[in-house]
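Single-structure report; data block below.
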Amino acid sequence: MCIRDSEEAGRFRQAKGMVNYQYLVGDTRTNEALLVDGAWDPAGIVRFAKSRGVELRGYVATHFHYDHIGGVEQDIPGLAWFVDSMNLTAYVPDVEQLMTIVIVLITELHRKMRGQENQK
């Protein structure tokens, strides 16, 4: 095992212990997506997106903890990797903006679920 492999294995063990989630939120018509909190495995995320024909258009960080944006001290590539390597735009909403996004997403999910119930 090379040093790089053992470093990655260490990051994965750390991430697994934290139970972090990463999301691709996109449009199925355009195959474009935003990555949300993709701090842990940038290369794996890019491979996953490409394997599904999805083009990453930006990075959204829900907050500034290193497990969501990455960190030099923790050796977690995160947001900086996507901005520097892929030239993605980074979005870091404030709490009010984030709550608005959450409310819109929950409202849309509720609307879709009610629509499915009415079709039965």
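Does residue 25 fit the bill of being open to solvent by 70 Å² or more (accessible area, probe 1.4 Å), at pLDDT below 80 and out of contact with any Asp or Glu (no Cβ under 8 Å at 6 or more places or on another chain)? Judged against the criteria, residue 25 is not a match.
For residue 31, the test of being modelled with pLDDT of 85 or more and exposed (fewer than 10 other Cβ atoms within 10 Å of the Cβ) is failed. Checked against (1) under 26 Å from residue 9 (Cα atoms); (2) modelled with pLDDT under 85; (3) more than 12 Å from the chain's Cα centre (by Cα); (4) open to solvent by 60 Å² or more (accessible area, probe 1.4 Å), residue 117 passes all but a single condition, namely (1).
Would you confirm whether or not region 54-67 contains a residue that is at pLDDT below 70 and aliphatic (A, V, I, L, M)? No - not one qualifying residue is present in region 54-67.
The values are calculated or read from the model by the stated rules, or taken from the named source; none is laboratory data. All values derive from a computational prediction rather than experimental measurement. Cβ: placed from backbone, ideal geometry, glycine included. Neighbour counts: every protein chain shown. What goes into the accessible areas is simple: the full protein's heavy atoms, side chains included, and nothing from ligands, DNA or RNA. Shrake-Rupley method; radii C 1.70, N 1.55, O 1.52, S 1.80 Å.
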